[in-house]
1. Taking the chain as a Gaussian network, where each spring joins two C-alpha atoms under 10 Å apart, which residue of Ala127, Ala19, Ala153 fluctuates the most?
2. Over the chain, what is the relative contact order in percent, taking alpha-carbon pairs closer than 8 angstrom and at least six residues apart?
3. Sum -39500 (n - 2.57) across every DSSP H segment of at least 4 residues in the chain, then divide by the residue count to get the 222 nm mean residue ellipticity, nearest 500.
4. Could you order His174, His160 by accessible surface area, starting with the largest, using a probe radius of 1.4 Å?
5. Using a Gaussian network for the chain with springs between C-alpha atoms less than 10 Å apart, which of these wobbles most: Val79, Val94, Val258?
6. Remind me, relative contact order of the stretch 111-226 in percent, using alpha carbon pairs under 8 angstrom and six or more residues apart?
7. At 7 Å along Cα-to-Cβ for each site, give me the label-to-label distance between Glu232 and Val9 in nm.
8. Just tell me which aspartates and glutamates come within less than 19 Å, Cα to Cα, of Lys176; anything on the same chain fewer than 8 places away is out.
Amino acid sequence: PDLEVLAPVRDWAMSRPEAIAYADKHGIDLGWITEAKPYSVDQNLWGRTIEAGALEDPWAAPPEDAFAWTVAPTTASGVRQVTVGFEAGVPVAVDGADGPGGQQAAPRTPPGLPAVIGELNRLGGEAGFGRVDMIENRRVGIKSREVYEVPGALAVIAAHRDLEDLTLDRDVLHEKARLEIRYAELVYDGLWFSPLRAALDAFVAATQHAVTGEVRLELSPGRCQATGRRAERALYRPDLATYEAGDAFDHEAGRGFVALWGLPARTWATVHGDG
């Protein structure tokens, strides 16, 4: 809390053109930001955000020169299979095979979250996947048009959610979906160092012990779809899920459950003259 914050563009109330001119005058390299492309870009391993310039018109489609990580979905081609490995909920490796039915390849990346996200950013970007165009609601009440390039983030979230569906209990899944929204709000609002965030971390950690396994993703132009998943502690049981003869589910028990489950609704209908 005692760190000094230096924010000259904000404190000097500089417009975007003024900031670009100041950088040019003092030899500050802004990368690809120019007067012709006066975008505001934030970029890290997790994604890339673009705003300002032509994007300030919410009706105008984002120009292609705003994007750097992803090709246009209309120009992408081919289908690629990618397998993402998880340990206790954390992405640790990316393996893959080119094309449907391809043989499993050696790991493309060294293990670890940064390498996994980086590789999925590259593969998703090549497939034209990972563009988001949205109106964002800032905490101060301003609506802002934001364009994102987040192929790695969206791909790993899709894979992680799919593996959770296989390994987590139904009630845990439903409650976690609600708490994820609250967690995202805390991070967005800059409340990382808060007791609620620490408490939610404890909940998340408790849910992830069994989330170890692999998810196969199919990348095609503009799309990322889970096509397979496996885990040592999967709650999916073929003998219960099968529609074939000899399944392990007790159908007589199911008949009694249905009768009891519907009892409150039947009672209500009888009392109110609807049955």
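The values are calculated or read from the model by the stated rules, or taken from the named source; none is laboratory data. All values reported here derive from a predicted model rather than from experimental measurement. Neighbour counts run over all protein chains shown; Cβ positions are idealised from the backbone, glycine included. The area values use the complete protein model at the heavy-atom level, side chains included, leaving out ligands, DNA and RNA. Shrake-Rupley method; radii C 1.70, N 1.55, O 1.52, S 1.80 Å.
1. Of Ala127, Ala19, Ala153, the Gaussian network model singles out Ala19 as fluctuating most.
2. Here the relative contact order equals 18 percent.
3. Working: 9 runs with 101 residues, N = 275.
That calculation yields -11000 deg cm²/dmol at 222 nm.
4. Ranked from most to least accessible, the order is His174, His160.
5. In this elastic network of the chain, the residue with the biggest mean-square fluctuation among Val79, Val94, Val258 is Val258.
6. 32 percent
7. With each label placed 7 Å out from Cα toward Cβ, I get 4.8 nm.
8. Straight-line reach from Lys176, under 19 Å: Glu87, Asp162, Glu164, Asp165, Glu185, Asp201.
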